[in-house]
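Written below as structure tokens is the structure these notes are about.
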Amino acid sequence: MPRRNKAKRALEEFLRDIPDAKLQSPFGTDQRTIYDSRCQNFRFDMQGVTAGGTAWNLQIQANFEAPIRAVREWAPRSVCKVILPYNSEILPDELRKKFLQSSTFHNGQGLREDGSFAESRLTEQRAREVAKRLWQGSRAMVRDIVHQERAS
């Protein structure tokens, strides 16, 4: 099963598990975690208010300790974001739907075919290139030192 499907299902389950009371305004003005999942894949954060102070910046963020690799690769970034105006009269299920509509796992942003994130792949690829160059450089340096030792 592709990892993206696991991440997508885990996100849907997380959103279903958030108590309705946690999805209702007012959310306050301080940055804080509103709800943290038992499974540790995601957390629901209030990231503060928008410039001008007219809306809440609500986000679902991936956790580093997530058991699902595709979620872990996205940590600690947001996988869903909703800017909710202060005067919004929104039901919990409507807010869940807005989160799903903005979800990275549902709209495919940055995903490879196997469900992992292209951004992570570039990082891994770059790390391999750097390691290879360091290895080649250290071999050349050792060779030069041995050559100098023999010459003296």
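Counted residue by residue at 0.36 nm each, then reduced by the alpha carbon distance between them, the extension gain from Ile90 to Gln40 reaches 15.4 nm. Label-to-label distance for Gln31 and Arg16 is 3.2 nm, based on points extended 7 Å past Cα in the beta-carbon direction. Pulled fully out, how much extra length does the chain show between Arg143 and Glu65, if you take 0.36 nm times their separation in residues and subtract their Cα-Cα distance? Length gained, Arg143 through Glu65: 23.8 nm.
Hey, which lysines would be in cross-link range of Lys81, C-alpha to C-alpha under 21 Å, not counting anything within fewer than 8 residues on its own chain? Leaving aside lysines fewer than 8 places away in the same chain, those within reach of Lys81 are Lys6, Lys8, Lys22, Lys97, Lys98. Of the solvent-accessible surface of region 12-79, computed with a 1.4 Å probe over protein heavy atoms with every protein chain present, carbon and sulfur atoms account for 47 percent.
The values are calculated or read from the model by the stated rules, or taken from the named source; none is laboratory data. Nothing here was measured: the structure is a model prediction, and the numbers come from that model. All Cβ positions, even for glycine, are placed from backbone atoms using ideal geometry, and neighbour counts span all protein chains on display. Heavy atoms of the whole protein, side chains included, go into the accessibility calculation; ligands, DNA and RNA do not. Shrake-Rupley method; radii C 1.70, N 1.55, O 1.52, S 1.80 Å.
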